[in-house]
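A.B. asks: Okay, handing you the structure first.
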Amino acid sequence: MGKSCWLMLAIFTYLLSFSSGRELNVKVKGDHSSIYNHTLAAVLVEYASAVYMSDLTELFTWTCPRCDGLTKGFEIIELVVDVQHCLQGFVGVAKDLNAIVIAFRGTQEHSIMNWIEDLYWKQLDLKYPGMDNAMVHHGFYYAYHNTTIRPAVLNAVKRAKKLYGDIPIMVTGHSMGGAMAAFCGLDLKVNHEAQNIQVMTFGQPRIGNAAFASCYSKLVPNAIRVINDHDIVPHLPPYYHYFPQKTYHHFPREVWLYNIELESLIYKTEKVCDGTGEDPSCSRSVTATSISDHLVYYGIELMSNAPGTCRFWMDPQVALYSRMDLSGNLVLSRVPATPVIRLNTESDVGGKLS
């Protein structure tokens, strides 16, 4: 992480000061199987990890090192790379889940553009029907609504539904990708009347005020935000309890992953928090300053596999599946349930996302 990123971390830590051995098996506190499913979380976090891949050939053909395990057999329908804003996402069909899966990449740890966008904390009026007084984070809202990401995702969902019917939609992402996933789930519900939508994010920052959080919980009730121990990002932008209507406020429901230490033993614990979105007994009960807790969830790395800025590369044969706009943004599309080339070699067709 560069000097500028460490400086931003120091600023984050300052702002947060004004707001709130041996491992054993995971334990979930209480019976919340209807709210939170650990097995599903373990699957979706792998999708949230895979979307970070810079090798578009391996990602598009689902042959990347992160495209195995619990996500084996996934079929990508559309892969979108917004070069202008260093954003990436994909839509595909997971036959094991019998669902459409949408995943958004989080903040690239070396991308100054993304860090600046994350720091843009100005609130924007959300002019969605039935969401009076709802205000949202300008930067995160823009990343989903005003880039090439949204039209590509909506087009892919439409194509998938024509082929597979009205199957469930699962939306996921990590960090800023979690914020985009949350907006995507709401967009599909409110503006496109999609049913059976599940949103599960990892290390997601706050994205709106209390009015937004209240409306969100009613419109997208099947939403989970997973927070890992002392992860710093979910505490941003800061929550100020003495400005309950104006401050940023998480929507419910949080699942907090944390450790309980008993002498030399460490118990991994998962707590399903209350329905307020800001349960003081969950992640808000600790001082969150950890970057390392932000980058690993359920033992899965959630970060870019390429050093430096937001770079990508792909084989020339995969480039045949792509279309590029005048700004250099890429969308790779394929018809699901049809053969796709399988290549594992890097090519001389590449670029930078920022």
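Here, each number is a calculation from the coordinates, and none is a lab measurement. Please read these numbers as outputs of a predicted model, since none were measured by experiment. Because the Cβ atoms are built from the backbone with ideal geometry, glycine has one as well, and the counts that use them run over all protein chains shown.
A.B. asks: Would you mind checking LYS127/LYS271; LYS158/LYS218; LYS122/LYS271; LYS161/LYS246; LYS218/LYS246 for any pair whose Cα atoms are more than 29 angstrom apart?
C.D. replies: LYS127/LYS271; LYS122/LYS271; LYS161/LYS246
A.B. asks: What nm distance separates the two modelled labels at ALA42 and ASN133, each placed 7 Å from Cα along Cα→Cβ?
C.D. replies: Reported label-point gap for ALA42 and ASN133 is 4.3 nm.
A.B. asks: Follow-up. Hey, can you rank 144-157, 173-186, 194-207, 253-266 by average C-beta count inside 10 Å, highest first?
C.D. replies: Going from most to least packed, we get 173-186, 194-207, 144-157, 253-266.
A.B. asks: Could I ask something else about it? Using Cβ contacts closer than 10 Å as the measure, can you line up THR107, THR172, THR287 from fewest to most?
C.D. replies: With the fewest neighbours first, THR107, THR172, THR287 line up as THR287, THR107, THR172.
A.B. asks: Here's a follow-up. Which of ASP132, ASP229 comes first, and how do the rest follow, when ranked by fewest Cβ neighbours within 10 Å?
C.D. replies: Going from least to most buried by this count: ASP132, ASP229.
A.B. asks: Return the sequence-ordered ³J(HN,Hα) values of region 46-62 in whole Hz as given by the Karplus equation 6.51 cos²θ - 1.76 cosθ + 1.60 applied to θ = phi - 60°, using x for Gly and Pro.
C.D. replies: 6, 5, 5, 7, 4, 5, 6, 4, 8, 7, 5, 5, 5, 6, 5, 8, 6
A.B. asks: With +1 on each Lys and Arg Cβ and -1 on each Asp and Glu Cβ, how big is the dipole of region 131-195 about its Cα centre, in debye rounded to the nearest 20?
C.D. replies: 300
A.B. asks: Would you calculate the separation in nanometres between label points at SER281 and GLN317, each defined as 7 Å from the Cα along the Cα-to-beta-carbon direction?
C.D. replies: Placing both labels 7 Å beyond Cα along the Cβ direction yields 5.7 nm.
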